[in-house]
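Asker: Handing you a structure now.
The values are calculated or read from the model by the stated rules, or taken from the named source; none is laboratory data. Quick caveat, the model's predicted, so the values are computed rather than measured. All Cβ positions, even for glycine, are placed from backbone atoms using ideal geometry, and neighbour counts span all protein chains on display.
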Amino acid sequence: MVQPDLIEYKCPQCGGVLEFDSASQQMKCPYCDSVFSVEALQSKDEALENTVDGQWQPPETTFDESETANMGVYTCKSCGGEIVADETTGATHCPYCDNPVVLTGRFAGDLKPDLVLPFKLDKAAAKAALKQHMSGKRLLPRAFSTDSHLDEVKGVYVPVWLYDAKAHASLILDATKSATHDEGTERITETEHFTLQRVGDLRFESVPADGSSKMPDEMMESLEPFELSEAKPFQTAYLSGYLADRYDVDAARCESRAKERIRRSTEEAFLRTVTGYDSVEARVCQIRTTENRVRYALYPVWLLNTTWQGEHYQFAMNGQTGKFVGDMPIDKSLYWKLRVAWAAGIAAAVYAVAWLVSHL
Amino acid sequence: MKRRLRFLLCLLVVSWALCLTVLAAAPALQDEAGLLQDPQGLEALLTQAGADYDTVVAACLVPSCDGQDPDLAAEEAYDRVYGPNTPGILLFIAQSERVYRITVTQGSGEAFNDKALAHLRSVVEKRLRQDDYDGAVRDFAATASEMLRLAASGSPYGSKLSPLWILGALGLGSLGSALPLGRLKQQVKSVRKKTEAKDYIVPDSLRLLREEDTFVRKTTERVPIPAKTETVRTDGSHTTTGGSF
């Protein structure tokens, strides 16, 4: 059996393992602070073009067959420790020596991503953003900020499908224009009815849909937009020091999600071309996409998991722009106290104004 | 001195008696247009309405104003029968012009303030729009009597807010509080689904290949203009308000 290749990027100066540094956007040795450009390590990726996906080696443990069906075991090149990972894991750390490793087989051949957006913000920025996210939230239980435990912070490259398309739209609309005037003892309203036709094209680029079932779609969408102008051609070096998964939801299954967003935006864009009418209603709206293209990219996301009162809360930060999202609990008793106080205040103000007006 | 005082006292008693006589003799209802079904009953109501408060409550229905301004016609109708210095209120209706006026003398005190007159207008106009002249006079008498009672008790109509205002204020407060609390709630929930892709539209890529606007038809709707209600007019001796129906 051929075991998938593991790559560790070693520092030529001291032999330590290189990691991708988001601040300098280069490969950096955490031991001797030596810095190397990502391009210099490009040769390591040349084998990706021809690499055959590795065969699974079943683990020699007492896992059930169902548990082992999607898992594989790898050997760390630094310490010889066993690394157990599922079939979608592309980059991880050795659980024994914490060395970052990249499973090249996950990104070889047809599975090779087209683009990667390198991390621009580090773990410290993610932790600071979490603190910032929790501050100033009136309805957040105070104990959440003080008592919640940050269980883990991990930088993850999330697999994303990017869809380009040309949307061709054909709309038939009903519109009206009205005018009112008085004549004698009658008020006359004259309404002109029109049928409008709008046919045209609209282009979309890089509409994302996340290709990982482990990442909630709504969370990934909440982190948008990502700045694709900073995307780089894929190199495994960027993954070193972070976690990465390859896709487990393929492009065909994600397509409907992207198409729905394209369809809605196309309809809105064409409706905006209609001006000069008092009312407009779409009677027929046909939208189809052509010149479809899909690319596979890896997007940087910091994931933070906390626990509070037995409940798990997940937060995410856009590893490029710093946008931070995550739902937090609401202090229900405070909510109702404030609601009652506001209601009483508004009621008193309304009554006072009515009383003053009645006495004018 | 005593004789003078006795003389003045007698004069006062006689004047008061004369007033009462005038009041008692002058009819509370004049239906020259013949619009009422029960004139005797309505006259009794009008007389009773003002009797306890030394105030005239009267109604006058005429076939037409004969080209005269309805405000002046109403004031003259009152002055001719009761005199400009007699405290009172008159409902004046002109049949052919379909206008009505409510005129009040300045000596009537706080009973018929602006709010009271506005309320009387709405009460009377509602009946007149249904051509219910008896109902208009009946409601006018009852409402005027109530307003005189309130004024006599020290709380003229409109001086106190209705208890319904409290309920209304609480309702508005309850609805109004939802807005700021909703905003506070949104701060804590930041994960949202995206339903559109406007960030990914290629700039200036919209091409309109066909843009046709075709006129189909024209529709016309005619609605009668609601009757206007006049504003309140005040001159030296009267305050008059009203409208058309």
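Asker: All but one of (1) surrounded by 17 or more Cβ atoms within 10 Å (Cβ to Cβ); (2) away from chain A (no Cβ under 14 Å) hold for B:Leu181; state the number of the condition that does not hold.
Answerer: So B:Leu181 meets the others, but not (2).
Asker: Would you check which residues across the range A:186-223 are at the interface with chain B (Cβ under 9 Å from one of its Cβ atoms), within 30 Å of A:Val294 (Cβ to Cβ) and part of a strand (DSSP E or B) and list them?
Answerer: Answer for the range A:186-223, where residues must be at the interface with chain B (Cβ under 9 Å from one of its Cβ atoms), within 30 Å of A:Val294 (Cβ to Cβ) and part of a strand (DSSP E or B): A:Arg198, A:Val199, A:Gly200, A:Asp201, A:Leu202, A:Arg203, A:Phe204, A:Glu205, A:Ser206, A:Val207, A:Pro208.
Asker: Of all residues in the range A:304-353, count the ones that are surrounded by fewer than 17 Cβ atoms within 10 Å (Cβ to Cβ), within 15 Å of the chain's Cα centre (by Cα) and small (Gly, Ala, Ser).
Answerer: Of the residues in that region, 1 qualify.
Asker: While we're on this one: Mind checking whether some residue in the range A:187-199 is touching a Pro at 6+ places or on another chain (Cβ under 8 Å) and surrounded by fewer than 17 Cβ atoms within 10 Å (Cβ to Cβ)?
Answerer: Yes, because at least one residue in the range A:187-199 is touching a Pro at 6+ places or on another chain (Cβ under 8 Å) and surrounded by fewer than 17 Cβ atoms within 10 Å (Cβ to Cβ).
Asker: Can you work out which of the residues in the range A:324-360 that are hydroxyl-bearing (Ser, Thr, Tyr) and more than 30 Å from B:Asn113 (Cα to Cα) is nearest to the other protein chains (Cβ to nearest Cβ)?
Answerer: Taking the candidates together, the pick is A:Tyr335.
Asker: Pick from the range A:151-185 the residues that are loosely packed, with under 13 Cβ neighbours inside 10 Å and more than 14 Å from every other protein chain (Cβ to nearest Cβ): which of them is nearest to A:Leu228 (Cα to Cα)? Before you say what the answer is, go through the steps one by one.
Answerer: We begin by selecting, within the range A:151-185, every residue loosely packed, with under 13 Cβ neighbours inside 10 Å; these are A:151-152, A:179-185.
Retained after the next criterion (residues that are more than 14 Å from every other protein chain (Cβ to nearest Cβ)): A:151-152.
Details: A:Asp151: 31, A:Glu152: 28 Å.
Step by step, filter the range A:151-185, then rank; the result is A:Glu152.
Asker: So in the range B:136-159, with the set limited to residues that are hydroxyl-bearing (Ser, Thr, Tyr) and at pLDDT 90 or above, which one is nearest to B:Phe92 (Cα to Cα)?
Answerer: B:Thr143
Asker: Looking at the range A:293-306, is at least one residue part of a loop (DSSP other than H, G, I, E, B) and closer than 24 Å to A:Ile262 by Cα? Lay out the reasoning, then the answer.
Answerer: Start the filter on the range A:293-306 by keeping residues that are part of a loop (DSSP other than H, G, I, E, B), which leaves none.
Within the range A:293-306, none of the residues are part of a loop (DSSP other than H, G, I, E, B) and closer than 24 Å to A:Ile262 by Cα.
Asker: Condition check: modelled with pLDDT under 90, farther than 30 Å from A:Ala167 by Cβ and either in a loop (DSSP other than H, G, I, E, B) or more than 10 Å from every other protein chain (Cβ to nearest Cβ) (or both). Does B:Ser162 satisfy that?
Answerer: On the way: modelled with pLDDT under 90: yes; farther than 30 Å from A:Ala167 by Cβ: yes; either in a loop (DSSP other than H, G, I, E, B) or more than 10 Å from every other protein chain (Cβ to nearest Cβ) (or both): yes.
The answer is yes for B:Ser162.
Asker: Looking at this structure, is A:Thr290 more than 14 Å from chain B (Cβ to nearest Cβ), surrounded by fewer than 22 Cβ atoms within 10 Å (Cβ to Cβ) and part of a strand (DSSP E or B)?
Answerer: Numbers: more than 14 Å from chain B (Cβ to nearest Cβ): no; surrounded by fewer than 22 Cβ atoms within 10 Å (Cβ to Cβ): yes; part of a strand (DSSP E or B): yes.
Judged against the criteria, A:Thr290 is not a match.
Asker: Just wondering, is there one or more residues in the range A:255-277 that are touching a residue at least 40 places away in the same chain (Cβ under 8 Å), part of a loop (DSSP other than H, G, I, E, B) and in contact with a Ser or Thr (Cβ under 9 Å, 6 or more places away or on another chain)?
Answerer: Among the residues of the range A:255-277, at least one is touching a residue at least 40 places away in the same chain (Cβ under 8 Å), part of a loop (DSSP other than H, G, I, E, B) and in contact with a Ser or Thr (Cβ under 9 Å, 6 or more places away or on another chain), which makes the answer yes.
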